[in-house]
Every structure is written in structure tokens, then in C-alpha cells.
Amino acid sequence: GVTRLLLTRIPFFKEIIVSSFACDNCSWSNTEIQSAGRIQEQGVRYTLAVTSRQDVNREVVKADCATARIPELDFEIPAFTQKGVLTTIEGIIDRAVAGLEQDQPVRRATDEAVAKKIEEFIGKLKQLKEVHSPFTFILDDPSGNSFVENPRAPQRDDALVVTHYRRTPEQAALLGLEGEELDEKPVDSTEDLRNEVLQFNTNCPECNAPASTNMKVVQIPHFKEVVIMATNCDSCGHRTNEVKSGGAIEPQGTRLTLAITDPSDMTRDILKSETCSVEIPELEFELGMGALGGKFTTLEGLLKDIRDLVERNPFTLGDSSAPGRTEKLREFIGKLQEIIEGKRRAHFIMDDPAGNSYLQNVYAPEEDPELRVERYERSFAQNEELGLNDMKTEGYEAEGATG
């Protein structure tokens, strides 16, 4: 037969390998899944209150070391009794029914009483699929590689409780990790924050209607952590996103100079903090710090935001603009569009006295010939603008005691 392998990713979960085998001679087929990642730091337990047919259709990744339970029927599928599978809750029930029915003819011939009890139990399992009454589905995986779908992701699902726990020495031994768990570091709560999308209530900046803001901590390779916040208003449709640095102000300021020589430069990732100013010498253009706020985008995205900023200003191209200035600004926008399309070479400069801005080095970890990174000592005026001159982090306790 032929075995096909597919490396895929489940949204809000992780990568898995789906393998499918089919035989043309006897038409037998089989599918199973394996985790494409490592065993997680913690085990995971999913507890789902099944109350409707939609809940039975939720996708489930059940690793071979996971245990599935339905307490209402005192039913359990022990670990390592089935291969890993990507299915639904209904599929797990069907698989259990098929396994119990497989040996029923032999049981009827050898032990009629046992066969009758199993037949009754199979009937109860089949009734679960119709969800005539609510039941609880528990999936417990000490490897942390199983998953139950949250159809409302990234929002919280009230019917689904996800619990992370430390493995016992017995569970670690079953996974082949005996001896490693003893050296495991204590669970860091900040690690959970990095893997979770937090949500808090706020008001829409446009219509003041109640809205929610999603917040996520993201690690930028070869740089540092940043906090991305996105707000979406269901009332007026207004959407906005903002980026804050997740670290402290750097000891030195940073000046990044990129020579734009190829259209592929437009795809470079950019983190522009609120304290960063932007300059394009060839267009005699400078954007002060604070304009456009903090952004995590690409070079093309930032240049388009600059173009939109100029076009939407009523004092530049609107009714309140002067005729002579309008012509110059239209010429500027035309040149800026040529840079975006890769038809014109230019230098793109980001100057951030706080040192919290980033421009992707596509050659990392090697040096980028087109990107120059300069670090400099901040002036008194720059420190004053950042509020550092009056900030005292050492010796303030002694002064307070003396006073």
C-alpha cells in the first residue's frame, strides 16, 4: 500500500503530522497523527461540557499517550491503547463503539451475560452522540500534545476548561522522561502569558461603544519582546492596532539606515516604537516621533501609512490646502509610490533614542550589507523628552529616610 504524510498546523495549537495508509488489494485504510513538536513542559487536561450537537462536532487531537474519559458512563479509553488520531468527539465515540462491537459475536457464543451488558453499554454510547442529556468529555495528556477545539478562539470558551499541570514521576516514566522531570525548573507564570492572548474591555476611540482589546506578547527574532494590542469595534467596524516595547529603555539610542535597492526590501519586518522618528533624505521627508504611534508592520506597510497620512490631511491635499503646496505634495506622493514599487532607490532611516525600534536583517545572524546600525549616546534634550533626567532608580530610599 501507500502511506501519505502531511505536515499541517492546527490554528491556536501547533504543528502535527497526519499519516494516511491505503491498500488497493483489500481496501483497508488507516489514519493516525503524531505531534511534530517536542513533549511540552507541562501536561494538559481538557474538560468539555457537551450540551449540543455542535459540541460533538468539535475537532480533537488525541495523542497515543492521552486518556479520554466520560465520567457519566464511567467510561475510559486508557493511554497507549489507541494510535494518535485527529478526529471529533463523535469520532472518538464511534471508534469506541466499533472496538466494543468487534468481539461481540465471540462473546455471545462464550458468555451471553457479558455480551448483553456490553450491548447495553454500546447503546448508551450511541445515545451520547444525539446529546439527549449533557455529559462531560475529559481528555488528559501528560505529554501536553493533545487538543480540543475552541470554536470561539482566540476568545475564551466557557464550556471548555483547559488545565496545565506538572507530570508525576510515573507519567514521566511512561513518556521516557524519567530522571529529567527532577531537574525541571519551576513553572514560570510569564511563560503562560507569552503563549496566551489576553483580552480586556475598553471603549471604541471612534464611537465610544464597548469594545474589547486583544493583547499578545511576541518575541521578535534577534531583537526582543514586544506587546501587540489590537482593538476591533463590532458597532462601527473601527479597527486599530498598536505596538509597545516589552523591555526597558536601552542604555543607548539606535539609528537604523537601510539602503533600498531591491523591491524585496519592501517585505522586511519593521517595529517602529512611539519614540522613533523616520527620515527619507532623497525626498527631504522627516516624520517626528509620536506620529503614527507604535507599529509592527513591513517597510511597505509603513510607507503606505506615511502616504495615507499625507493624503488624508485636509491642510495638505484637501480644501484648505494652498495650490502651490498641493503640487509639491502630489510630486512627493508620486516619488514615494515609486519607492514602494521598487522603481526608485532611496535611504530609509529610523532614529529611536530609546533604542526600542527594529528593522529586519534578512541575512541574520550575518551582517546585512544594506543595513547600517549605529548606537549613540543620547543628548540631554533627548533624555528630557524620555523623562530620564528626573528618574532616579538608585539611592532614592536613603534620601527618603534622611528627609
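Out of N145, N195, report the one residue that is within 26 Å of R9 (Cα to Cα), surrounded by 13 or more Cβ atoms within 10 Å (Cβ to Cβ) and either modelled with pLDDT of 80 or more or not assigned by the TED database to the domain that holds D74 (or both).
From the options N145, N195, the qualifying one is N145.
Does any residue of the range 34-51 turn out to be touching a Phe, Trp or Tyr at 6+ places or on another chain (Cβ under 6 Å) and among the aliphatic types (A, V, I, L, M)?
Yes, the conditions are met somewhere in the range 34-51.
Which residue is surrounded by the most Cβ atoms within 10 Å (Cβ to Cβ), if the candidates are limited to the range 209-223 and must be at negative phi and over 16 Å from the mean Cα position of the chain (by Cα)?
Per the criteria, the residue is A211.
Checking V106 against (1) surrounded by 14 or more Cβ atoms within 10 Å (Cβ to Cβ); (2) in a helix (DSSP H, G or I); (3) aliphatic (A, V, I, L, M), which single condition isn't satisfied?
Condition (1) is where V106 drops out.
So S52 ticks every box in (1) out of contact with any helix residue (DSSP H, G or I) (no Cβ under 9 Å at 6 or more places or on another chain); (2) exposed (fewer than 14 other Cβ atoms within 10 Å of the Cβ); (3) within 22 Å of L177 (Cβ to Cβ); (4) assigned by the TED database to the domain that holds V161 but one. Which box is left unticked?
The single condition S52 does not satisfy is (3).
Kindly indicate the residue of the range 246-302 that is part of a loop (DSSP other than H, G, I, E, B) and free of Cβ contacts under 8 Å to residues at least 12 places away in the same chain and also most open to solvent (accessible area, probe 1.4 Å) among those meeting that condition.
The qualifying residue most open to solvent (accessible area, probe 1.4 Å) is E284.
Going by the conditions given, is L128 touching a strand residue (DSSP E or B) at 6+ places or on another chain (Cβ under 9 Å) and among the hydrophobic types (A, V, I, L, M, F, W, C)?
yes
Among the residues that make up the range 65-88, is at least one of them under 18 Å from Q127 (Cβ atoms), assigned to a loop (DSSP other than H, G, I, E, B) and in contact (Cβ under 8 Å) with a residue 24 or more places away in the chain?
Within the range 65-88 (the criterion being under 18 Å from Q127 (Cβ atoms), assigned to a loop (DSSP other than H, G, I, E, B) and in contact (Cβ under 8 Å) with a residue 24 or more places away in the chain), the answer is no, since none of the residues qualifies.
The values are calculated or read from the model by the stated rules, or taken from the named source; none is laboratory data. Because the structure is predicted, anything quoted here is derived from the model rather than measured. Cβ coordinates were reconstructed from backbone atoms using ideal geometry, including for glycine residues, and neighbour counts include every protein chain displayed. Just the protein is used for accessible areas: all its heavy atoms, side chains included, with ligands, DNA and RNA removed. Shrake-Rupley method; radii C 1.70, N 1.55, O 1.52, S 1.80 Å.
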